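Data first, discussion second: the structure below is written as structure tokens.
The values are calculated or read from the model by the stated rules, or taken from the named source; none is laboratory data. Keep in mind that this is a model prediction, so the values were computed, not measured. For neighbour counting, all protein chains shown are included, and Cβ atoms are generated from backbone atoms with ideal geometry for every residue, glycine included.
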Amino acid sequence: MPQFDYPCPDCRATNSLHDADCRFEGTPWPDVEKAYTDVVAHLSAEPTDEDDLQSLVHGGWGPLHRAAVERLKRDGRVDEANGVLRLLTAAEFREEVSVPGREPMKTLYRHGSYPGCHDNAVFAMIAWYEMVGLSWSETRENVADWLRESGSWDRGGFEEATPEQLVDKKRHVYEAGYGWKEKAESAKRVIDRHR
Ligand SMILES: [Zn+2]
């Protein structure tokens, strides 16, 4: 099955298996990619007013373009200030996504995992870092640091001797590119009960 560099703007699929309720199911991938590249081409040249961007796009602005802009904003690739859109540099993006700012990931990141949700929490953290584009070694380091610094590791309930060993055992999550959301929501419910 072909894989795509850009995710579906609605459900984030990177192949033709969209979520059941995705509004872009069946949309040809070249159209999806064109929408992204139209937007990114302008923004990588210079920050652009969102209204101007619509008129600059050759061949017409459509729902896919709008969805692509929203997706780039939600994924933290594009920053908006006073209606002006700016593409983050690679370094800025890495810095930004290292600290998840939105729920349910924010709770996992800040409060750490508790016995009863370790599997889901670690799964979600790995899947999150994969989604935002970190390499495996960056992901491994971030998740191991998080296990220590959030207090998760000290709470116990792990079979492995070190956080790194635990993360290594879950490398398949990174390789498969699983979604983080469901696991993160389950973990958050457990964490919330402890806070
Ligand atoms: Zn989709």
Quiz item: Are there any pairs with C-beta distances below 7 angstrom linking a residue in the range 23-42 that is closer than 20 Å to THR89 by Cα to a residue that is in a loop (DSSP other than H, G, I, E, B) and away from the ligand (no atom under 16 Å from the Cβ), with the two at least 6 apart or on different chains, and if so which?
Solution: ASP38/VAL57
Practice problem: Identify all residues within the range 110-119 that are in contact with a helix residue (DSSP H, G or I) (Cβ under 7 Å, 6 or more places away or on another chain) and surrounded by fewer than 22 Cβ atoms within 10 Å (Cβ to Cβ); write none if there are none. | Solution: HIS111, TYR114, PRO115, GLY116
Quiz item: Got a number for residues in the range 41-56 being within 18 Å of PRO9 (Cα to Cα) and surrounded by fewer than 17 Cβ atoms within 10 Å (Cβ to Cβ)?
Solution: 3
Practice problem: Would you check which residues across the range 39-85 are modelled with pLDDT of 90 or more and in contact with a Ser or Thr (Cβ under 8 Å, 6 or more places away or on another chain) and list them? | Solution: HIS42, TRP61, LEU64, VAL84, LEU85
Self-check item: Flag for ALA91 being within 14 Å of the ligand (Cβ to nearest atom) and within 21 Å of the chain's Cα centre (by Cα)
Solution: no
Practice problem: Identify, from the list ARG86, ARG66, ARG12, ARG74, the residue that is more than 13 Å from the ligand (Cβ to nearest atom) and under 20 Å from ALA127 (Cα atoms). | Solution: ARG74
